[in-house]
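So the structure is just underneath, and the comments pick up after that.
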Amino acid sequence: MTQLTNIISNDTLVNLQEEYDKTQIQEVLNELNQELIGLVPVKTRIREIAALLLIDRLRRKLELVSGNPGLHMSFTGSPGTGKTTVAMKMADILHRLGYIKKGHLLTVTRDDLVGQYIGHTAPKTKEVLKQAMGGVLFIDEAYYLYKADNERDYGSEAIEILLQVMENQRNDLVVIFAGYKDRMEKFYESNPGLSSRVANHVDFPDYTSEELLQIAKMMIEEQQYCFTEEADKTLLEYTERRMKQPYFANARSIRNAIDRARMRQANRIFASGEKVLTKADLVTIEAEDILKSRLFSLPNN
């Protein structure tokens, strides 16, 4: 009790703003807001994690007991919802706060970790871990590591090696597991040791059609194109139809749609026979460039 009283009565001053400015994590949080449309729950969760880590850093500087916050994470959601992008920003935040030495992100899947024969998995997994040390290892579609219906599968060996490193080298590596939410939940249920080591769970919601239109506008602006007003409306209708189709991948599907629209625009200009073009001709995506998608020939359920 006396020790606690001494700590509470200690008049040591801590300049939070100075520490905040020194780490420059606000710069990364601002980038998240500027570069990613929507995802408010995700941005809020990342800000909360950053705040906890900053305060923990301050406590350690004052030699207060640190909760040793768990840094391993789980990102769940559909494809194309920004999980990899947010993981890159998280790696940057962790590096600026001094929790990892390098701050790089290494993205892998089952094929990078699991071998095809006895004795093949351990070297593969250890090589990946060696490359990831000092940064963040992002394992996409992590549930494929474990195949309960196949006793001869070597994924469990990779998981065991990961578990050891996650526990014993927590100061050298942060692991982020990613994939569909329902499959990830089953993955953790079948691996309680793994689940107990993952402290931060972040769920990525699907985008709305309006948010995807905003994303599309950002994408084409980066490529120095623009939509006509009618093309805007057509792309919104395309998006609403595409969301009902199989294998929809949010922003990834929209990027593919834009690539195809650019190809149709180029073919339209080429087929027109015009020899002299204006800058507007070269940068404008018309409604017809989107309407020619086969999606508009399908019934709209």
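The values are calculated or read from the model by the stated rules, or taken from the named source; none is laboratory data. This one's a predicted model, so the numbers in the text were calculated from it and none came from an experiment. All Cβ positions, even for glycine, are placed from backbone atoms using ideal geometry, and neighbour counts span all protein chains on display. When the accessible area is computed, the model is the full protein with side chains, heavy atoms only, and any ligands, DNA or RNA have been set aside. Shrake-Rupley method; radii C 1.70, N 1.55, O 1.52, S 1.80 Å.
Of everything in segment 108-156 that is open to solvent by less than 10 Å² (accessible area, probe 1.4 Å) and hydroxyl-bearing (Ser, Thr, Tyr), the residue that is nearest to Val86 (Cα to Cα) is Thr125. Among the residues of segment 83-95, write down those that are closer than 13 Å to Asp140 by Cβ and either of a type outside the set (A, V, I, L, M) or modelled with pLDDT under 95 (or both). Residues satisfying the conditions are Lys83, Thr84, Thr85.
On the stretch given as segment 209-258, residues that are β-branched (Val, Ile, Thr) and outside any helix (DSSP H, G or I) total 1. Being crowded, with 16+ Cβ neighbours inside 10 Å and among the small types (Gly, Ala, Ser) holds for only one residue in Ala271, Ala231, and it is Ala231.
When you scan segment 71-80, do you find a residue that is in a loop (DSSP other than H, G, I, E, B), open to solvent by less than 60 Å² (accessible area, probe 1.4 Å), touching a helix residue (DSSP H, G or I) at 6+ places or on another chain (Cβ under 8 Å) and over 29 Å from Gln26 (Cβ atoms), even just one? Scanning segment 71-80 turns up at least one residue that is in a loop (DSSP other than H, G, I, E, B), open to solvent by less than 60 Å² (accessible area, probe 1.4 Å), touching a helix residue (DSSP H, G or I) at 6+ places or on another chain (Cβ under 8 Å) and over 29 Å from Gln26 (Cβ atoms). Filtered by the rule that a residue be aliphatic (A, V, I, L, M), in a helix (DSSP H, G or I) and open to solvent by 40 Å² or more (accessible area, probe 1.4 Å), segment 81-107 gives a lone residue, Met88.
With respect to Ala261, is the statement that it is surrounded by 13 or more Cβ atoms within 10 Å (Cβ to Cβ) and assigned to a loop (DSSP other than H, G, I, E, B) true? Against the criterion (surrounded by 13 or more Cβ atoms within 10 Å (Cβ to Cβ) and assigned to a loop (DSSP other than H, G, I, E, B)), Ala261 does not qualify.
I'd like the full set of residues that are out of contact with any helix residue (DSSP H, G or I) (no Cβ under 6 Å at 6 or more places or on another chain), small (Gly, Ala, Ser) and free of Cβ contacts under 8 Å to residues at least 60 places away in the same chain, limited to segment 41-70. Listed by number, the residues that qualify are Ala51, Gly67. Every test in (1) of a type outside the set (Ser, Thr, Tyr); (2) open to solvent by 70 Å² or more (accessible area, probe 1.4 Å); (3) modelled with pLDDT of 95 or more; (4) not in a loop (DSSP other than H, G, I, E, B) is passed by Asp206 save one, and that test is (4).
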